[in-house]
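I have placed the structure first, in the form of structure tokens, so that the comments after it can refer back to it.
The values are calculated or read from the model by the stated rules, or taken from the named source; none is laboratory data. This structure is a prediction, so every number in the text was calculated from the model and none was measured. Every residue, glycine as well, gets a Cβ built from its backbone with ideal geometry; the counts of neighbours run over all protein chains shown. All accessible areas refer to the heavy atoms of the entire protein, side chains included, with ligands and DNA or RNA removed. Shrake-Rupley method; radii C 1.70, N 1.55, O 1.52, S 1.80 Å.
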Amino acid sequence: MKAGEIAMTTTQRDAPIVVSTDFSEEAAIAVERAAQIAQRLDAPLYVFHVFNSGVWASLKNIYSSALWTGTDLAVTVREQLAQTVANLSTRYGIKAIAESETGSVTEKIAGFVRNSGARLLVIGGRSENWVADLLVGETALQLISQIDVPVLVARNDPAHPPANLLLATDFSDGAQRAASVAQQLFPAARLTLLHACLIPFEGRMRLAGATEADIESYRQAEREKAEAEMDKHIASLGGGNRAEGIVAWGVPTPVILQQAATGTEMIVVGRHGGGFTNERLLGSVARNVLFHATCDVLLAP
């Protein structure tokens, strides 16, 4: 087995996919993407909803109470879930199971993922919760800090599975694991590994008297080192993979987003870097990518 590769055991093959839904249009994208993956991996799919009575109470206060007269919202949720899984089972030929719990969204989702032995959690790229654009990114980061499975934030039109994946890599074991996860979930996709290259403390080097020629020499050495690491990283993925490497100069997040704009359908970011500094940097990169990317984002543990 190659370094960083994740062996797929029988238990993992049988492990379910979990998708969280709040019945919004954005959640429907996540449900469709999850069903596609479940069909491709021949895995069961749990469609999971967290019933938050506080949100429903707020809606009743904001909108006309006549809209809610005689409506048992918990029953409505269960009926909607039942219709959703029946539809998915028919269209995709998969085993789809409806589940719901009441309480804190992040806490309940994380608990359900752990208890179900899931291999992947899929969530929508937006939410019908308050200040949604900010909370989706924070929720995804909170979830991946509490669970040991990948989290896919689905935003793209689910009509077709992603064909082009962009993996942000720092050449760490965590980045290798992220690449293996991406290949297992999307084996037919083209994988581009992207490394953003920088000279540490370049500004201070200039203050200390380094010339532009000195800086350029250091840059070239750093790029050559990164390109050699990229070759090893791609080779570690094994033969027959559809992978290529790009070494670009600049700050990670802008470099990733600029490259993603050229046709990427999913950005893959590993949670763990190669040390404390990289861990903090990668966490910052993941947060910024989640907030600013317009495509799907896969956060790998």
What distance in nm separates the two pseudo spin-label positions at residue 227 and residue 211, each 7 Å out from Cα along the beta-carbon direction?
2.4
Computed FRET efficiency, Cβ-Cβ of residue 25 and residue 90, R0 22 Å: what is it to the nearest 0.05?
0.60
Determine the gain in length on full extension of the stretch residue 114-residue 75; use 0.36 nm per residue of separation and subtract their C-alpha separation, reporting nm with one decimal.
11.5 nm
Protein chains only, probe 1.4 Å: how do 217, 172 rank by accessible area, largest first?
217, 172
Multiply the residue gap between residue 145 and residue 14 by 0.36 nm, knock off their C-alpha separation, and tell me the result in nm, one decimal place.
44.8 nm
May I ask you to give the percent of accessible area on region 134-268 that is carbon plus sulfur, with a probe radius of 1.4 Å?
53
Calculated FRET efficiency for the pair residue 219/residue 188, C-beta based, R₀ 41 Å, to 0.05
0.65
Spin-label point model (7 Å from Cα, Cβ direction): what's the residue 156 to residue 101 distance in nm?
3.1
With every protein chain left in place and a probe of 1.4 Å, what is the accessible surface of residue 225, to the nearest 10 Å²?
130
First check a/c for region 204-268, with a ≥ b ≥ c the square roots of the eigenvalues of its C-alpha gyration tensor; if it is under 1.5, answer rounded, and if not, answer prolate when a/b is larger than b/c or oblate otherwise.
oblate
